[in-house]
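> Below: one structure in structure tokens.
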Amino acid sequence: VFFYGLFMDEGLLATKGIEPAEVNLGFVDGYGLRIGERATLVRRPDSRAYGAMMDIGPGEAKELYADASVADYLPEPVIVELMDGTQVQATCYNLPGDKVAGADKSYAESLLKVAIRLNFPDSYLDQIRQALT
């Protein structure tokens, strides 16, 4: 099972006892990043969202999203294009649009740091920076 996370990183998964079998960077076309108190992908035809795709077990994904803070996220199938051009089906957990609320600048700052470390394009970094204003 492949899991596509916005900026889920191996360190965060390790704190939950999850070690992905494989991690690859990529993007999903037709989705944009929306940051409120949490981040999610929302359907936007002319957008592209970057993130990390990780190979974890279905039980691990359920366990990860059983936590009350992320229980509203729902699994959605997506096609991830990896940086080498390979396309892979994956599951991305997204918040329903009506559940995205508020703002959390410290959360946006942490997302920006990870996105910079992963060397995502400046245009994507600018999307994240908008949540800081």
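Any read-out appearing in this document is the output of simple, stated calculations on the displayed coordinates, not a laboratory observation. Please read these numbers as outputs of a predicted model, since none were measured by experiment. Neighbour counts run over all protein chains shown; Cβ positions are idealised from the backbone, glycine included.
> Hey, of (i) 1.04; (ii) 0.98; (iii) 1.70, which did the structure itself give for Cα Rg over 2.2 N^0.38 Å when calculated?
(ii)
> What longest range of the chain stays clear of loop-exposed GluC sites (Glu not before Pro) (DSSP non-H/G/I/E/B, at most 14 other C-beta within 10 angstrom)?
38-133
> What 222 nm value per residue comes from the helices of the chain, counting each DSSP H run with n ≥ 4 as -39,500 (n - 2.57) and dividing by all residues, nearest 500 deg cm²/dmol?
-7500 deg cm²/dmol
> Mean separation of Cα pairs under 8 Å and 6+ residues apart, divided by the residue count of the chain: what relative contact order is that in percent?
29 percent
> I would also like to ask the following. Any idea how far the Cα center of region 48-71 sits from the one of region 75-95, in Å?
Here the answer is 12 Å between Cα centres.
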